Amino acid sequence: MNVINSYSKGIQDALLRPKAAIVLWLVNAAFAALVYFVAAGAVVSALGRSLAADDLLSRSNVDALFELLTGSGAALSALWTIVLVLLVLYLFVSPLLYGGILHDLVRPRDRGGFAQSFWAGAGRFYGRFFRLVPASLVLWVPAAILFILAGLVLDSLGRDPLKEQLNFYLTFVRILLALFLFFLVKMILDYARIRIAAAETRSALAALAWAAAFVLRKFWKTLALYYVLGLTALAGAAAYLGIQSLFGKTTMRAVLFGFLLTQLHILWRSWIKVVYQGAQLRFYAQESF
């Protein structure tokens, strides 16, 4: 019952805080804009003087793809560089976002509005949330080792070249295991941030240890809540892809509509992140005492 209550509370909290989703969307838009301009330079450099791009919008053109991959090494190198730089930059920006959103969820706004609450939390928790990034290696490293060991076991099961169907299924097992471990670590980090924000824990490692113990004690409930939220996010993604498949991108109007639809989908994903925080915070409040 606590899982359903927490899920409902997360949706309610997110509906009451549309500005939080807009902030996340704006950050996503800023990062995507930088990647877009570099990527556009790569495309123009590779295809600007080529006839391969003449009907790129009207049909799939393999020639255009090959020219992009082989004809613009410098531009593509710059693209990968900016992506890596943005990933590193996001490690510095994400503690601000989590701090602002969690502060607004944990502490009612006695004075001021969302902006005051958000920036107060961003400054208050930034250092501790940022220290969680290197501290999380104590989770990522064992998860990686576990994945490698499991991979060795799966390799031993699939050594027989005649069992092609078994190897096919074992590949899916690898993918599912990787996703499970990845999201398990992310979930523990979510509860570590919640512990810091709600209990004013000063040590990032102490919060991480508490969160790991909490998830292990409430393993099935925390997983159930996390994956119910994940299914909600997937439902939005499925609706987005379904609508996108209904029309071709052969006209400027269709391209613009597709762009608008993509922005709405990003806004949806941003809103879901707020739902995650609200739902897990409610679950923490109900189950940690």
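The single condition from (1) within 24 Å of Arg202 (Cα to Cα); (2) surrounded by fewer than 20 Cβ atoms within 10 Å (Cβ to Cβ) that Leu96 fails is (2). Of the listed requirements (1) at pLDDT 95 or above; (2) over 18 Å from Phe283 (Cα atoms); (3) aromatic (Phe, Trp, Tyr); (4) more than 18 Å from the chain's Cα centre (by Cα), Trp210 misses just one: (2).
Filter segment 170-200 down to residues that are β-branched (Val, Ile, Thr) and in contact with a Phe, Trp or Tyr (Cβ under 7 Å, 6 or more places away or on another chain) and give me whichever is nearest to Gln286 (Cα to Cα). Checking each candidate, the answer is Ile194.
Scanning segment 246-286 for residues being charged (D, E, K, R), part of a helix (DSSP H, G or I) and over 15 Å from Tyr226 (Cα atoms) gives a total of 1. Can you pull out the residues in segment 249-270 that are loosely packed, with under 12 Cβ neighbours inside 10 Å and more than 23 Å from Leu26 (Cβ to Cβ)? Across segment 249-270, the qualifying residues are Met252, Arg253. Filter segment 106-129 for residues that are buried (at least 18 other Cβ atoms within 10 Å of the Cβ) and within 20 Å of the chain's Cα centre (by Cα); which is nearest to Ala20 (Cα to Cα)? Among those residues, the one meeting the criterion is Ala122.
Looking at this structure, is Ser156 touching a residue at least 60 places away in the same chain (Cβ under 8 Å) and among the hydroxyl-bearing types (Ser, Thr, Tyr)? Against the criterion (touching a residue at least 60 places away in the same chain (Cβ under 8 Å) and among the hydroxyl-bearing types (Ser, Thr, Tyr)), Ser156 does not qualify.
The criterion of being among the aromatic types (Phe, Trp, Tyr), buried (at least 16 other Cβ atoms within 10 Å of the Cβ) and part of a helix (DSSP H, G or I) does not hold for Trp220. Exactly one residue out of Gln280, Gln286 is at pLDDT below 95 and not acidic (Asp, Glu): that is Gln286. The sole residue among Phe219, Phe283 that is of a type in the set (Phe, Trp, Tyr) and without any contact (Cβ under 8 Å) to a residue 12 or more places away in the chain is Phe219. Any residue at all in segment 65-79 that is part of a helix (DSSP H, G or I), modelled with pLDDT of 65 or more and out of contact with any helix residue (DSSP H, G or I) (no Cβ under 7 Å at 6 or more places or on another chain)? Checked against the condition, which is being part of a helix (DSSP H, G or I), modelled with pLDDT of 65 or more and out of contact with any helix residue (DSSP H, G or I) (no Cβ under 7 Å at 6 or more places or on another chain), segment 65-79 yields at least one hit. Just wondering, is there one or more residues in segment 225-248 that are aromatic (Phe, Trp, Tyr) and over 30 Å from Leu261 (Cβ atoms)? No - not one qualifying residue is present in segment 225-248.
The values are calculated or read from the model by the stated rules, or taken from the named source; none is laboratory data. Because the structure is predicted, anything quoted here is derived from the model rather than measured. Cβ sites come from the backbone with ideal geometry, for glycine too, and all protein chains shown count toward neighbours.
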